[in-house]
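Visitor: After the structure tokens below, expect a handful of questions from me.
What follows draws every value from the coordinates through simple rules; no lab data is involved. Not measured: the values here are computed from a predicted model. Cβ: placed from backbone, ideal geometry, glycine included. Neighbour counts: every protein chain shown.
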Amino acid sequence: HGTLSDSEKEIYKAVFYSRTATKTMINETESVKENAEKVNSMGVPKLPMLLFASNASGGTGFDKETWRRIAIEYISRVNGGKYIELDCPHYVHDYEYEKISEEIVEFLSDNIKRCGEKELLDCLERNEIYGDYDDFNDVEDLIEFIKTGKNNSLFTKT
């Protein structure tokens, strides 16, 4: 629950439980292992990757050793891959958001130094990485977004 107040935690729980055991959620749960196999069969992206994994508590569907082995085997096939196991349940971003943020900034900085800014951006474009990062033309703006959650580059574009 990160930095939520006690009141916000109660709201979070109410929203979460009102959306638990929906048809979509049940289908997702039943398909976890099959979906993991699909991802595995597609190979790995050709770009550096940072993989955070939980300690397998919180309903992963795997025992701790299997959960760890799957993640380590996958990331070992990634050129420039890094595996970080966090001692928390499955929704790692709810528990270790500060560590995740620090590790992402360090990982990006190391890869920018290693690959060069142009190569890293070309790699992201080549692999068609979409999401909240599409609007960044500047790596420093991206790193600042990761640090603060604010996209200042949207206000400086002409």
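Visitor: Beyond 23 Å, what percent of the Cα pairs of segment 1-118 remain?
Guide: Tail fraction, whole percent: 44.
Visitor: In whole Hz and in residue order, list the ³J(HN,Hα) couplings for segment 94-110 that follow from phi through the Karplus curve 6.51 cos²θ - 1.76 cosθ + 1.60, θ = phi - 60°; x for Gly and Pro.
Guide: Karplus values, whole Hz, x for Gly and Pro: 7, 10, 10, 4, 5, 4, 4, 4, 4, 5, 5, 4, 5, 4, 5, 4, 4.
Visitor: Okay, moving on. Nothing charged except the Cβ atoms of Lys and Arg (+1) and of Asp and Glu (-1): what's the magnitude of the dipole of segment 1-89 about its Cα centre? Round to the nearest 20 debye.
Guide: Details: 12 positive and 12 negative charges, 61 e Å.
About 300 debye.
Visitor: Less than 12 Å Cβ to Cβ from Val15, Lys/Arg counted +1 and Asp/Glu -1: what total charge do the surrounding residues give?
Guide: Details: positive: Lys9, Lys13, Arg19; negative: Glu8, Glu10.
Taking every other residue near Val15 into account, the sum is +1.
Visitor: Residue by residue through segment 59-75, which ³J(HN,Hα) values in whole Hz follow from phi under the Karplus form 6.51 cos²θ - 1.76 cosθ + 1.60 (θ = phi - 60°), with glycine and proline marked x?
Guide: So the J values, rounded to whole Hz, are x, 7, x, 10, 6, 4, 5, 5, 4, 5, 4, 4, 5, 5, 4, 5, 5.
Visitor: Obtain the radius of gyration and the Kirkwood radius of segment 14-70 from its C-alpha atoms and give Rg over Rh.
Guide: 1.03
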